Amino acid sequence: MENLVVFFGKSKKVQMIVSKYQEMYNAKTYEIETIKKVGFMDKFTNNKIEIHRCNLNLANFERVILVSEMWHDKVPFPVLRFLEHQTGKINHIMYVLFNKNRDDRPEEFDKMDKVLNLRRDNSYFVTFNKKDIHVRVYQ
């Protein structure tokens, strides 16, 4: 079975993280895309943001690696909406969250588990400083 990196975020840093996991797991990629462009204020009242439906059967993948930036220390609503659509369709999931604020919010991993009704295999926070990438593991 294959692995899949699902990602949300267009920043260069998110793309770097996706590239690393794609290489490590020899994985395909899928981008969570919003139907309309997301404005700055939408990130505060984000419960109305709609996403395109995923056309992949995620049950066919051994592992899904979800990579996302965070919006104001929270998992973005488009990611939660994606997980709602995939409940019962994912065998194993791993979360990788990038937070510009460098604050760890492990409760966000629990929130995603609850939406999926599935316990994650692993979870990581990633931050960048001028010369290093910092990865912190949570279980």
Could you check segment 45-58 and list, in sequence order, the residues that are surrounded by 14 or more Cβ atoms within 10 Å (Cβ to Cβ), out of contact with any His (no Cβ under 7 Å at 6 or more places or on another chain) and closer than 15 Å to F7 by Cβ?
I51, L56, L58
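Would you mention how many residues in segment 69-92 are in contact with a Leu (Cβ under 6 Å, 6 or more places away or on another chain) and either crowded, with 18+ Cβ neighbours inside 10 Å or of a type in the set (F, W, Y) (or both)? Please lay out each step first, then the result.
From segment 69-92, those in contact with a Leu (Cβ under 6 Å, 6 or more places away or on another chain) are 70, 83, 86-87, 89-90; that's our starting set.
With the extra rule that they be either crowded, with 18+ Cβ neighbours inside 10 Å or of a type in the set (F, W, Y) (or both), the set shrinks to 70, 83, 86, 90.
Total meeting the criteria: 4.
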Filtering segment 1-29 down to residues that are outside any helix (DSSP H, G or I) and over 23 Å from E50 (Cβ atoms) yields M1, E2, N3, N26, A27, K28
Exclusive hit being surrounded by 20 or more Cβ atoms within 10 Å (Cβ to Cβ) and more than 15 Å from the chain's Cα centre (by Cα), set F61, F98
F61
Please return the ranges of strands (runs of 3 or more DSSP E) entirely within segment 67-138 where 2 or more residues are within 21 Å of L4 (Cβ to Cβ) and among the polar types (S, T, N, Q).
122-128
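On the basis of being modelled with pLDDT of 95 or more, more than 13 Å from the chain's Cα centre (by Cα) and of a type in the set (G, A, S), does A27 make the cut? Explain how you work it out, then say what you get.
Numbers: modelled with pLDDT of 95 or more: yes; more than 13 Å from the chain's Cα centre (by Cα): yes; of a type in the set (G, A, S): yes.
Against the criterion (modelled with pLDDT of 95 or more, more than 13 Å from the chain's Cα centre (by Cα) and of a type in the set (G, A, S)), A27 qualifies.
Here's a check for you: in segment 30-61, which residue that is part of a helix (DSSP H, G or I) and modelled with pLDDT of 90 or more is farthest from D73 (Cα to Cα)?
Of the residues in segment 30-61, the ones part of a helix (DSSP H, G or I) are 41-43, 46-48, 58-60.
If we keep only those that are modelled with pLDDT of 90 or more as well, we get 58-60.
Values: L58: 27, A59: 29, N60: 32 Å.
Per the criteria, the residue is N60.
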Members of segment 44-87 that are within 22 Å of R102 (Cβ to Cβ), among the β-branched types (V, I, T) and in contact with a helix residue (DSSP H, G or I) (Cβ under 7 Å, 6 or more places away or on another chain):
I65, V67, V75
Failed item in (1) of a type outside the set (D, E, K, R); (2) closer than 17 Å to V5 by Cβ; (3) in contact with a helix residue (DSSP H, G or I) (Cβ under 7 Å, 6 or more places away or on another chain), with T34 passing the rest:
(2)
I'm trying to understand the selection: among the residues of segment 114-134, which are within 15 Å of the chain's Cα centre (by Cα) and closer than 21 Å to I17 by Cα?
R120, D121, N122, S123, Y124, F125, V126, T127
Matching residues in segment 120-135 (among the basic types (K, R) and surrounded by 12 or more Cβ atoms within 10 Å (Cβ to Cβ)) number 1
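The values are calculated or read from the model by the stated rules, or taken from the named source; none is laboratory data. Small disclaimer: the values here were computed from a predicted structure and weren't measured. All Cβ positions, even for glycine, are placed from backbone atoms using ideal geometry, and neighbour counts span all protein chains on display.
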